Amino acid sequence: FIYSEKDPVDISNTNPESFLKTTSRKTFSDQYSKKEYAYGRNSLFDKSEGYGSVFKAQGTLNFDNIDPYLDDKEVKIIVHYRRLQAGNQSIIFSVNENEIGTKPVSHINTYKDTFVVFDYLLEQNNNLSYTATDAELGKISISFIELNYNSKPTIINQDFIKFSAGSNDITSFNIACDPQASYMLFDLENNTFFNPTNDQGLLKFGFSPNST
């Protein structure tokens, strides 16, 4: 993509947002799995093949440094995983030792489950745990975990942040940052960029409607 520079949006008559609408994804590539059958080996791009965590019937994966903004709002958690064994099983998923749902699986396939919980379950550093009803037949490999949640407006100790400014009005932000650093903002929806003002450790800027 070619990004063009744009002028900053006038935010003089706006109030900054209290949080950022954030999507964070963590992918896993500990193992490459490829199913073999009696008649041969499947092609590279079959649904049940690819990279993911090591196959286990029970495990815990970390999702750290997310800076959640806790305000009794809904959080969407998406878990994408694969199974290479047939037979009816149930997988129990938990976040920070709080059970969020049980999903039945019965085939060799990839699965993509969505859980909706409230933000009070989240912490700065989090873990997603899973347990199958059978220690052998219930083994799964997780490809990615995705969180859709509200985060604190900060970029301190982070290389970058990605958030949505989707709104019908001009949206303004004050984001905590390193007071000595320079930053660049990219509007992925409109293929534009600009340099926000760093006001003694606060990035102050605004977006026009429907920016990302």
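The values are calculated or read from the model by the stated rules, or taken from the named source; none is laboratory data. Every value quoted in this text rests on a predicted model; they were computed, and no experiment measured them. Positions of Cβ are generated from backbone atoms using ideal geometry, with glycine treated the same way; all protein chains shown enter the neighbour counts. These area figures cover heavy atoms from the full protein model, side chains too; ligands, DNA and RNA do not enter into them. Shrake-Rupley method; radii C 1.70, N 1.55, O 1.52, S 1.80 Å.
Things to note:
- For residue 9 and residue 193, the difference between the fully extended length at 0.36 nm per residue and the C-alpha to C-alpha distance is 65.1 nm.
- Aspartates and glutamates whose Cα lies under 13 Å from that of residue 76, excluding same-chain neighbours fewer than 8 positions away: 113, 119, 146
- The listed residues 82, 25 rank as 25, 82 when sorted by accessible area, largest first, using a 1.4 Å probe.
- Put a dot 7 Å past the Cα of residue 90, heading toward its Cβ, do the same for residue 76, and the two dots end up 2.7 nm apart.
- Separation of the alpha carbons by more than 27 angstrom is noted, of 6/73; 56/152; 6/26; 21/139; 21/112, for 6/73; 56/152; 6/26; 21/139.
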